[in-house]
Structure formats: C-alpha cells, structure tokens
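Asker: The structure follows.
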Amino acid sequence: MIPRALSRAAVLAAVLLAAPQLARAWGANAQRLVANKAVETLPPDIRGFFEANRDFLSRHVTDPLDWLAKNPSTERRNHFLYLDHYGKFPFNSLPRDYKEAVAKFTKAKLESSGVLPWQIGVYSQKLTAALRDHDWEQARLAAAYLAAYVAQAHDPFHTTENFDGHLSGRPGVDLRFGSSLVGRFSIFFPMRPNDAMFLRDPTDHAFDACMSAHAWLENILLADRQAREGLSDYTDEYYDRFYNLAGAIVIRQLTDAATDVGSYWLTAWINAGRPQLPPQ
C-alpha cells in the first residue's frame, strides 16, 4: 500500500508536470532581444534615458519569468490569454474592459484563461505613474517588466490552450519555435522595428497584439510537422528546415514586439506629461 504522504506527493508531481510551462515559449534570449531593439524605436527626447539603461533593461526584462517559476499559482495568469476559450476569431464574446469581462465571465474564469492584456495595461499605468513622479528607479523597473509582458503578447503560444502543441500532437513546439530558433539563428535576424508611436488605449492594443499572434498558430504547427518529416529526432536538419519554414514568423513577431515595446514606453512618457528624463 502506498503511504498517504507519498501518494499526495505523486499527485502533486503529476499536476505540476501537466501544468502549462509558459516560461518555455519566448525564452530569455528572445525577451532580451526585444527590449534591446525597442530602444532603437524611440525618438530623441527619450532615447537617451533608455539607451543608458540598455543593460538594466536586458537584465530585468526576464524577471517576470523568474516570478513565474517561483510563484506559478499567482503569476501564471499574467503571462497568457487563451483566446480559444472565447469562441472563434475575432473573439467578440470577450469584453476588453476588465470590469465588464468579470461581470460576464467571473474573475475565476478570467484568471484561468489568462489576463495578459490587462496585465500590460496595469504596467503601462505603473510606468506612467513612475515617470510622472520622477521616480526613475521605479520607471526603469516598470519599463523592463512592461517589455516582458508586451513581448509575450506577440508569442502565438501565449494565446492558446494549445500552449505547447500537445493538442495537435506537436508537444514542445513552443520551445522549438520561441527558444531554439532564436538561440540558433537570431544572429541572422534582419530585425528593423518601426518607429514607436503613441497608443490611444494600451490595453486595447495588447488585445490586438494577442489576436495577431494567435493567427500564426496553424502555420507554425504545419511548419513543425513538415520540418520533422522523414527524421527520427529534432536534428540540425530539422531546425534548418523549421527555420526556413517558420523563421519569418519568428522575426516578424519579435520585430513587432520591439516596435510595440517602444510604443508603450513612448505612450507612458507622453501620458506622464513628457517629463525631462535624466541622462542615465
């Protein structure tokens, strides 16, 4: 007979193994790349401050991934939005106003399906407040955390309950797409993000980013399947094929993420009253 304590431990282990491993999607390298490229999108009025803090932003943009690893029960909901829990594109059943969404679906339902766009809205407000208060240390941190969540909104596997391809028979595709391709090929990425622009509604824009990312899922899953044909494992040949088939999607999503991160930073500065930023 299995001891009760051991049985509970086995059940807990099984639950943890079955839980979505969201940190496996966009990896740390991808998030650092997005934050670094976002600096290049900024106008001269604020670029100097962010340029001086490139290293700081690169170090701290991965902090939310650390929070997720340490406190998954409280942090996990902030990293995704399962759009497929709300019908079909354009997912009109989900209100973009948080209070309206809670009234319609309950807070528990929203949190189980993810609150990523609203989390982006929260950190956009935090950065705005820090800039308005001239709290430069908090502004640097809020800018890094905001960049992390905005980057995740551009990861297709943060927008679906098929978060790692397990529902399509492609387990681990999120890691192969968002981490392995970046690690292997990012030195060749021709990333040229657009200039940052003012966002009228940061939360609404985050929903649009999630929907745009979600639209690439079937293309990625098909590319993963085609790249593996005739191979017994995920070899170098597989990754060369996968990059040829899906690399353009990786580059596009990371580039758009960098443009959006810069736009969120610029928007927070404008909404804060365009304060004079320190040189570092």
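The values are calculated or read from the model by the stated rules, or taken from the named source; none is laboratory data. The structure presented is a predicted model; accordingly, all values stated were derived computationally and were not measured. Virtual Cβ from ideal backbone geometry, glycine too; neighbours counted across all protein chains shown.
Asker: Report those helices (runs of 4 or more DSSP H) wholly inside the range 95-207 carrying at least 1 residues which are under 18 Å from residue 35 (Cα atoms) and out of contact with any Lys or Arg (no Cβ under 9 Å at 6 or more places or on another chain).
Answerer: Working: elements: 98-105, 107-113, 116-132, 136-153, 181-185.
Counting at least 1 such residues, we get 116-132, 136-153, 181-185.
Asker: Does residue 96 qualify as being surrounded by fewer than 19 Cβ atoms within 10 Å (Cβ to Cβ) and either closer than 25 Å to residue 218 by Cα or within 18 Å of the chain's Cα centre (by Cα) (or both)? Give the derivation first.
Answerer: Values: surrounded by fewer than 19 Cβ atoms within 10 Å (Cβ to Cβ): yes; either closer than 25 Å to residue 218 by Cα or within 18 Å of the chain's Cα centre (by Cα) (or both): yes.
So residue 96 fits the description; yes.
Asker: Going by what's in this entry, would residue 64 be described as within 23 Å of residue 32 (Cβ to Cβ) and either surrounded by fewer than 20 Cβ atoms within 10 Å (Cβ to Cβ) or at pLDDT below 95 (or both)? Reasoning before the result, please.
Answerer: Details: within 23 Å of residue 32 (Cβ to Cβ): yes; either surrounded by fewer than 20 Cβ atoms within 10 Å (Cβ to Cβ) or at pLDDT below 95 (or both): yes.
So residue 64 passes the test.
Asker: Residue check, residue 242 against (1) farther than 14 Å from residue 156 by Cβ; (2) loosely packed, with under 15 Cβ neighbours inside 10 Å; (3) not basic (Lys, Arg), all met but one. Which one?
Answerer: It fails just one condition, (2).
Asker: Now for a separate question. Given the conditions (1) closer than 24 Å to residue 208 by Cβ; (2) modelled with pLDDT under 95; (3) crowded, with 17+ Cβ neighbours inside 10 Å; (4) not charged (D, E, K, R), which single one is not true for residue 105?
Answerer: Going through the list (1) closer than 24 Å to residue 208 by Cβ; (2) modelled with pLDDT under 95; (3) crowded, with 17+ Cβ neighbours inside 10 Å; (4) not charged (D, E, K, R), residue 105 breaks only (2).
Asker: Hey, another quick one. Return yes when residue 233 is closer than 23 Å to residue 91 by Cα and without any contact (Cβ under 8 Å) to a residue 24 or more places away in the chain and no when it is not. It would help to see each step written out before you state the result.
Answerer: Working: closer than 23 Å to residue 91 by Cα: no; without any contact (Cβ under 8 Å) to a residue 24 or more places away in the chain: yes.
In short, no.
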